[in-house]
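Take a look at the structure set out below.
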Amino acid sequence: MQEAPTKNIDLREYLGIILRRKMLWIVPLLLIPLLAWGGSFLIKPTYESSTLILIGSSKLLSRSFSSLIPGQEERVSPYKVEEHLKVLKNQILSSGYLKRLITILKIPPDESVVRTAYEIKGEFPDLEMQELVLNLQVEKLKGSFSVNFRGENLVEISARAHNPSEAASRAKTLAEIFIEESLANQLLGIRGALEFSDEQLAIYRKRLWEAEAELRRFQEKLLRESAGADPALAININSMNNALDLVKMELENLKSQINTLEGRLFSSGNAHLELSFSPHLQELKRQLSSTNNQLKMGLTRYNWLDAKVVAVNQEVHSLLDRIEREITKQVASQFESKSSAVKNTLEELTFLRLKEDFDQQKLEVLESSLEKLNRRLTLTPKNQQTLERLQRKVEENRRVYELFSSQYTGVQISQAATQAEAEAKFKVIEPARIPVAPISPDRRKLLVSAALLGLALGFGSVIVAELSDHSFKKVEEVEGYLGLKVVGTIPLIELAGWRAPKKKAWIYIAILIVTALLIGLAYLAGSGRLSFVL
C-alpha cells in the first residue's frame with residue numbers, strides 16, 4: 001500500500017503570507033499602543049506611600065499581641081505567619097482605626113458614597129444617614145490600604161490616593177494610630193492596677209486624716225482641761241501640733257513630686273543619672289541636718305514660738321536656698337551634654353530628695369518633743385486609755401496608708417518602665433514620604449501589554465483573513481482544482497508611463513494622522529498645558 005505523501009512545512013510560504021497581509025498586523029501593532037499611551041493620560045494618576053514599623057521583642061507584650069509577632073519565642077510555620085498577618089491586617093484596617101483616620105484627617109466622602117448612601121437610605125429609612133455615609137466611606141477607604149510583613153518583625157503600611165500628599169499623610173496617620181492603640185493595650189493592665197492603688201490610697205488617706213483629727217480633738221480637749229494649770233504648755237502643744245501637720249502635708253507632696261520626676265527621668269532613658277555631691281554641697285547638707293539637732297535641744301527649753309526656735313527655722317530657709325543654688329551649679333558642670341529638660345528635672349529631683357530627708361528628720365524631732373510635752377499633761381486613767389487607743393488607731397492607719405503609698409509608687413514606676421519599653425518596642429524606621437511618581441498608570445507596562453495585544457490581534461486577523469480567502473495563490477492549487485497541467489503563467493505587467501495606484505494607501509495616511517495627533521496630545525498633557533479628568 002502506497003503511503004500518502006507527507007506535507008512539508010515551508011516557512012517561506014508563511015513568511016509570504018505575513019508579508020502579503022502586513023497591513024493587518026502592522027496597523028494594530030502601531031495603533032493599539034498609541035491608543036493605550038494616549039488613553040493613559042485620561043486616567044487619574046494614583047500615588048502610593050509606605051511606612052515601615054519595627055516591632056521589637058519585649059517581655060512586656062501582652063500574650064495576645066506577642067502571638068502576632070513571629071520569632072518571639074519560637075519559630076513559627078509559614079501557615080501561622082500567614083494567620084498572624086491576617087490578624088494584624090484586620091487590626092490595622094479595622095473600622096475603628098479607619099474612622100479615627102477619617103476624623104483626624106477630615107477626609108470628605110466621595111459623591112459616589114453619598115449617592116449610594118441615599119439609595120440605601122431610601123430602602124431602609126430607619127438608618128442614620130451620617131453613620132451610613134461613614135460606614136460606606138470606611139469600606140471604600142479600606143481598599144486603598146495594604147498591610148504586609150517585611151521579614152519577621154517589620155510591618156509595612158501602604159496607602160494609595162490620587163494626591164501624593166494625601167497618600168503620605170494617610171500612611172503616617174494610620175501607623176501612628178496603630179502604635180498608639182498597641183501601647184494603650186499593653187498599658188491597660190498597669191493602668192488598672194494604678195487606678196486600684198489610687199482608689200485604695202485615697203480611702204486610707206481619708207481614714208488616716210479622720211484618725212488624726214479625732215486624736216487632735218481629744219488632745220485639744222485635754223489641753224483645755226489642763227489650761228488652768230499651765231496655759232503656756234497648752235499653747236506650745238497646740239503650736240507644735242500645727243507644725244507637725246504642716247510637715248506631714250509637705251512630706252506627702254514631696255513624695256508625689258519625686259515619683260513624678262523619677263518617672264520622667266526613666267521615660268527619657270536617664271534613670272541612672274545621679275548628682276555627685278561636691279565638698280561644699282556636702283557641708284551645706286551637714287549644716288542643714290544639724291539644724292534639727294538645734295531644734296530638738298531648743299524645744300526642750302523653749303516653746304515653739306520662742307525667738308531662738310524661730311531663728312533656727314529661718315536658718316533652715318536660708319540653707320535650703322543656698323543648697324538649691326549649689327545643686328543647679330553642680331548639675332550644669334557635671335551634665336553639660338544633657339538637654340535643658342533633663343538637667344532641670346535632675347536639679348529638682350536632687351533638691352526634693354534632700355528636702356524629704358530633712359523633713360523626715362524634722363518630723364521625728366517634732367513627734368518626740370510633742371510626746372514629751374504630752375507626758376506633762378495631767379491624765380486620768382480613762383483619758384490615758386483613750387489617748388493610747390487613738391494613737392494606736394492613727395499608727396495602724398498610717399502603716400496601711402504607707403503600705404498602699406509604697407505600692408502606688410511601685411505601680412507608677414512600673415507604668416513608666418512599661419511606657420518606656422513599649423515606646424522603644426514600636427519604632428518607625430522608614431517614615432511615610434510624599435511620592436514623586438505615580439504607581440498608576442504604569443505607561444511602560446501599559447505599552448508592552450498593548451503591543452502584545454496588538455500583535456495578537458494582528459496575527460489573529462491574518463489567520464482569519466487567510467482562512468476566509470478561497471482564491472488560488474499557487475500553481476499547485478490550480479492544477480489540483482482543474483485536474484490539468486498548467487503550461488505557463490503570466491506575471492503582472494505594468495504599462496509604460498502608467499503606475500497602478502498603491503492598494504490601501506489611505507491606511508498609511510490614517511496611521512500617520514492618528515500617530516501625530518496622539519503624540520501631540522501626549523506632549524501637551526506631559527507638559528501640563530492640557531489635563532484630562534475622568
Open item on the list: Using 0.36 nm times the number of residues separating Trp209 and Ser339, minus their current alpha carbon distance, what extension gain do you get?
Closed with: 42.7 nm
TODO: Multiply the residue separation of Glu402 and Leu105 by 0.36 nm, subtract the distance between their alpha-carbon atoms, and state the gained length in nm to one decimal.
DONE: 102.2 nm
Open item on the list: Give me the net charge for the shell around Pro125: Cβ to Cβ below 15 angstrom, other residues only, Lys and Arg +1, Asp and Glu -1.
Closed with: -4
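Output the pairs from Lys308/Lys372; Lys221/Lys393; Lys221/Lys296 with a Cα-Cα distance over 23 Å in this structure; if there are none, say none.
In this structure, Lys221/Lys296 exceed 23 Å between Cα atoms.
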Task: Label-point separation, Lys140 to Ile17 (7 Å along Cα→Cβ), nm - done: 5.1 nm
Task: Cβ crowding within 10 Å averaged over residues, with 289-295, 441-447 ranked highest first - done: 289-295, 441-447
Task: lysines with Cα under 18 Å of Lys474, excluding same-chain neighbours fewer than 8 positions away - done: Lys7, Lys485
- [ ] Mind giving me the FRET efficiency for Leu251 and His280? R0 is 35 Å, r the Cβ-Cβ distance, nearest 0.05 is fine.
- [x] 0.85
Task: Local electrostatic count at Phe277 - Lys and Arg +1, Asp and Glu -1, tallied over other residues with Cβ under 11 Å - done: -1
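Taken together, the values in this text are just the output of simple stated rules run on the coordinates, not laboratory data. Source: prediction; values computed, not measured. Glycine gets a Cβ as well: all are built from the backbone with ideal geometry, and neighbour counts include every protein chain shown.
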